[in-house]
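The values are calculated or read from the model by the stated rules, or taken from the named source; none is laboratory data. Since the model is a prediction, treat every value here as computed from it, not as a measurement. Counting neighbours? That spans all protein chains shown, and the Cβs are built from the backbone with ideal geometry, glycine included.
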Amino acid sequence: TKLRVGLLFGGRSGEHEVSISSARAIANALSAEQNSSKYEILPFYIQKDGFWQAGEVAQQVLASGAAIQNPAASPNLWQFPPAAQTVDVWFPILHGPNGEDGTIQGLLSLMQVPFVGSGVLGSATGMDKIGMKVAFAQAGLPQVKYKAVTRAQVWSNPCVFPKLCDEIESDLGYPCFVKPANLGSSVGIAKVRSRQELEAALDNAASYDRRIIIEAGVVAREVECAVLGNDQPQASVIGEITYKSDFYDYETKYTAGLADLFIPAVLPDAIAHQIQDMALQAFAAVDAAGLARVDFFYVESTGEVLINEINTLPGFTATSMYPQLWGYSGVPFPELVDRLIQLALERDTVTE
Ligand code: ADP
Ligand code: MG
Ligand code: MG
């Protein structure tokens, strides 16, 4: 009998549409010849309001690629489709908050059904840029100088705010990057060059998240490494992203033609190896499992490699960096999806 794979996509985040594209690519891979005799796909679509759709509606979103919002379904957000009880292994491919951050992973853990990717701790640590940086620092990984602040410091106290800005200016200087701690796709991120821009960016970031991080800006090449495995993970070749915009912002990420991927990145061998080592250390530092894409700044002028972030559910469309890095490293897309499901099952057996 075939293993029933609960493909969980959509979700309550700004990356809803990317998630649909990722799920379509994964469904396609599960239907490929070498997988179709092993796996049966059960699609579960989480609407933007959080309501779960199974069966025909989920199938329709998967087939068309277009988000739907069924208003009649909205009042009862917590009723899971009965089909959820028949899943053998979950494949959550939800990006950002309420999907990549440990919330869904907690739910799936409670269901006692194995799932692809990191558990609660790895997902939550990977999502929160402050928690992530603390874990990286503990592991001895070099990173940019940063400062963590809260929404309360930005909003509630008019005496504290100017002092806070003074500190940021003297510790980090300009340009610096202001980011909500728990988002992705560059949403809410600003590169600031003056006191006025800093104040506005902090206020804006506070509208997205209670937790805010400010980082010293670096001039660097942006390189990424894919990691696959559980306790003995492997690192892929390195990829590079280039673009003409000021930084790798939302528009650059999601407008065709504004950014280019280069695989493999043209780097000295020693640097490429260092990046792979650091990617594996980062994976372990946050307790990731299954998959992660680890992103770096390579400061060519000094030869320095700084870790930027880890993404525990990276973009997984046919043209996304993660599957492309593995494709180049000798793991074609259908095999990658198969390996991830097997890793989920393996992890479950070990923790029993
Ligand atoms: P996200 O999780 O939304 O991708 P990142 O922290 O990766 O957020 O930041 C998005 C982009 O902003 C990066 O890819 C890079 O182009 C730019 N950026 C972020 N932090 C810095 C920094 N400290 N120095 C230079 N560029 C940065
Ligand atoms: Mg990210
Ligand atoms: Mg990023």
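Residues that are at pLDDT below 95, closer than 20 Å to Ile310 by Cα and hydrophobic (A, V, I, L, M, F, W, C) do occur in region 184-199.
Every residue, every condition in (1) of a type in the set (Gly, Ala, Ser); (2) farther than 30 Å from Arg151 by Cβ, yes or no:
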site: Leu202; (1), (2): no, no
site: Ala205; (1), (2): yes, no
site: Ala216; (1), (2): yes, no
site: Asn230; (1), (2): no, yes
site: Lys253; (1), (2): no, no
site: Ala279; (1), (2): yes, yes
site: Phe296; (1), (2): no, no
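What do you reckon, is Ala284 assigned to a loop (DSSP other than H, G, I, E, B) and touching a residue at least 12 places away in the same chain (Cβ under 8 Å)? So Ala284 does not fit the description; no.
Quick test for you: out of Ala270, Ala235, Ala282, Ala259, pick the one residue that is within 16 Å of ligand 3 (Cβ to nearest atom) and more than 22 Å from Gly14 (Cα to Cα).
Going through Ala270, Ala235, Ala282, Ala259 in turn, just one is within 16 Å of ligand 3 (Cβ to nearest atom) and more than 22 Å from Gly14 (Cα to Cα): Ala282.
Applying the condition of being within 16 Å of ligand 1 (Cβ to nearest atom) and among the polar types (S, T, N, Q) to region 150-206 and asking which residue is nearest to His16 (Cα to Cα) yields Ser185. Check whether at least one residue in region 234-244 is at pLDDT below 95, within 22 Å of Gly117 (Cβ to Cβ) and either within 16 Å of ligand 2 (Cβ to nearest atom) or surrounded by 15 or more Cβ atoms within 10 Å (Cβ to Cβ) (or both), and report yes or no. No: region 234-244 contains no residue that is at pLDDT below 95, within 22 Å of Gly117 (Cβ to Cβ) and either within 16 Å of ligand 2 (Cβ to nearest atom) or surrounded by 15 or more Cβ atoms within 10 Å (Cβ to Cβ) (or both).
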